[in-house]
Amino acid sequence: MGTFLTVSELPVAGRKVLLRSDLNVPLRNGEVADDFRLRSALPAINLLREKGAQVILCSHLGRPKGCVLDELRMAPVAARLSELGGYPVAYATDTVGTDAARLIEQARPGEVVLLENTRFHPGETSNDSDYASELAEWADFFVLDAFGTAHRAHASTVGVPDRLRSAAGPLMEREIEMFRLLLEDPPRPFTVLLGGAKISDKLPLIRSLLPKVDAMLIGGGMCFSLLATEGYEVGDSMVEPDCFNSLHDLLRSTEADRLVLPSDVVTAPELDATAPPSVVNISAIQEEAWGLDIGPATAKQFAAVIGGSRSVFWNGPMGLFEWENYQAGTRTIAAALAGSPALSVVGGGDSVAAIRLFGQENGIDHLSTGGGAGLKMLEGQTLPAIEALERWA
């Protein structure tokens, strides 16, 4: 993998800089419901302000599919960024129109203008050449700090770097550094902990990483497809029969001994937050039961493996942690990881949300803003946005 320019290598003082951040945050009742990504974006904004740049900030929000949707406007993001940063963030109601032009013209060094949702323009996701050129015309330099979209070949991530001298922002630098370390030279023993609902989403990662890890711990809904492949009764738990042939081959591979599956799980008689939980051995899951968490024996075993590791990557919760009756497994893992001396990297929105819900973020070395992008990197794939940056090195 190559290298790229950083902000310190761009003469940004008194110049206009287009900064692509990942400000794709959940909104509730017209306000930002979770500002983790905004807080992660602030160091790049502040660095450019301190260097005297006029900061033109852009991001997508949700999936409007090229249409203007009032519920996905960036106004609440601008308001929350202004509160977090302690300075005004001017909000433009378009990305390449007259309002953006007016605010950018008015902006002085150290000031910030946030453009409207880039995905309101149909040319964003298609990496339309004209749209990329229009965005690039606003600025003298481009800084990419949106790791969460680095696997997307969009106009604001790969089109603009074809037209402006470009550098990685501090968050982008840190994300790439951490994932390259895990991929190329992780401190050993290296443990990967995977959860979440669908094993189909993680199969390429499992195949790619299994030969490179010392242990791979599997929990969450995805473990039930593996257990079903092994012949266990899993009741009404989530399974993906289309994956059974691939999983059978995986479980018979030479590295299968590195896979660690649950020995017990927490089940419910129905899919309901108030349903009474039952801890059962994996050989005793009832026909109509729902598996919703790893059991206490499994959580203890996984925690012990984490405690003996020197690097750990975690993606995907161990169960339905949003429901209090089924959060013990994820809570135990979060505490074990935060308390471990291992280098710890947590990726994926649900895993990061769990770490923050249980108040363990201070014990984690790196909370990644990019779920899909991090997985693609660990699969060994080249990310289009990183490739675009490397052309300027």
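The modelled label-to-label distance between Thr93 and Arg165, using points 7 Å beyond Cα along the C-beta direction, is 3.7 nm. Our estimate of slack between Ala273 and Lys198, defined as 0.36 nm per intervening residue step minus the Cα-Cα distance, is 25.0 nm. The aspartates and glutamates within cross-link reach of Lys212, meaning a Cα-to-Cα straight distance under 12 Å and a gap of 8 or more places when in the same chain, are Glu184, Asp185, Glu255, Glu379.
For the chain, taking Cα atoms only, Rg and Dmax work out to 22.4, 68 Å respectively.
Karplus-based coupling profile of segment 322-338, in residue order and whole Hz: 5, 9, 4, 5, 10, 10, 4, x, 5, 4, 4, 5, 4, 5, 5, 5, 5, with θ = phi - 60° in 6.51 cos²θ - 1.76 cosθ + 1.60 and x standing for Gly or Pro.
Past 28 Å, Cα to Cα, is the threshold; run Lys202/Lys300; Lys198/Lys300; Lys16/Lys376 against it and keep the listed order. Don't jump to the answer; show the numbers that get you there.
Details: Lys202/Lys300 24 Å; Lys198/Lys300 23 Å; Lys16/Lys376 32 Å.
Where the Cα-Cα span goes over 28 Å, the pairs concerned are Lys16/Lys376.
Using θ = phi - 60° in the Karplus curve 6.51 cos²θ - 1.76 cosθ + 1.60, the 3J(HN,Hα) couplings for segment 31-40 round to 10, 5, 8, 8, 9, 3, 5, 5, 4, 5 Hz; x is entered for Gly and Pro.
Here the Karplus curve 6.51 cos²θ - 1.76 cosθ + 1.60, taken at θ = phi - 60°, turns the phi angles of segment 295-307 into couplings of x, x, 5, 5, 4, 5, 5, 4, 4, 5, 5, 4, x Hz, with x standing for Gly and Pro.
Going 7 Å from the Cα of Ser263 in the Cα-to-Cβ direction, what parts of segment 275-291 have a backbone nitrogen less than 17 Å from that spot? Flagged as within label range: 279-285. Between Asp130 and Gln381, the C-beta separation translates, for a Förster distance of 35 Å, into a calculated FRET efficiency of about 0.80. At a 1.4 Å probe radius, carbon and sulfur cover how many percent of the accessible area of the chain? Carbon and sulfur atoms account for 47 percent of the accessible area of the chain.
Taking every protein chain into account, the accessible area of the chain amounts to 41 square angstrom per residue (probe 1.4 Å).
Measuring only protein heavy atoms, the 1.4 Å probe finds Thr274 accessible over about 110 Å².
Every Cα-Cα pair in segment 1-122 was counted, and those over 17 Å apart are 55% of them. Rg and Dmax of segment 265-393, based on Cα coordinates, read 17.2, 58 Å.
Give the ranking of Val7, Val260, Val239 by solvent-accessible surface, highest area first, calculated with a 1.4 Å probe.
Ranking Val7, Val260, Val239 by accessible area, largest first, yields Val239, Val260, Val7.
Over all projection directions, the Cα-based convex hull of segment 150-219 averages an area of 6.4 nm². Cα centroid separation, segment 289-322 to segment 172-235: 12 Å.
Relative to the dominant Cα principal axis of the chain, helix 170-184 is inclined by about 40°.
Scanning residues 5 or more positions from Leu343 or on other chains, those with amide H under 5 Å from its amide H are Ser311, Val312, with H placed 1.01 Å from N in the peptide plane. Near the amide H of Ser237, within less than 5 Å, lie the amide hydrogens of Gly291, all on another chain or at least 5 residues away, with H placed in the peptide plane.
When His60, His151 are compared by accessible area at a 1.4 angstrom probe, the order from most to least is His151, His60.
When the charge dipole of segment 75-224 is built from unit charges on Cβ atoms (+1 for Lys and Arg, -1 for Asp and Glu) and taken about the Cα centre, the candidate among Gly169, Ile206, Ala155 whose Cα reaches farthest toward its positive end is Ile206. Shape descriptor for segment 117-258: Rg over Rh equals 1.12 (Cα atoms; Rh from the Kirkwood inverse mean 1/r). Spin-label model, Arg252 to Glu322: label points 7 Å out along the Cα-to-beta-carbon direction sit 3.8 nm apart. Under a 5 Å amide H cut-off, with hydrogens placed 1.01 Å from N, Leu57 pairs with Leu19, Val113, Leu114, Leu115 among residues at least 5 apart or on other chains.
Residues Lys198, Lys51 ordered from highest to lowest accessible area at a 1.4 Å probe: Lys198, Lys51. Please work out the FRET efficiency for the pair Asn362 and Arg39, using the Cβ-Cβ distance as r and a Förster radius of 22 Å; give the result to the nearest 0.05. In this case the efficiency is close to 0.95.
Among the protein heavy atoms, those of Leu357 account for about 100 Å² of accessible surface (1.4 Å probe, every chain in place). Pairs of Cα atoms in segment 178-260 fall into 10 Å distance bins, from 0 up to the last occupied one, in shares of 18, 52, 24, 6, 0 percent.
The values are calculated or read from the model by the stated rules, or taken from the named source; none is laboratory data. Keep in mind that what you see is a predicted model, and the values were worked out from it rather than measured. As a convention, Cβ positions derive from the backbone with ideal geometry for all residues, glycine included, and neighbour counts pool all protein chains shown. Surface areas here come from the heavy atoms of the whole protein model, side chains and all, with no ligands, DNA or RNA. Shrake-Rupley method; radii C 1.70, N 1.55, O 1.52, S 1.80 Å.
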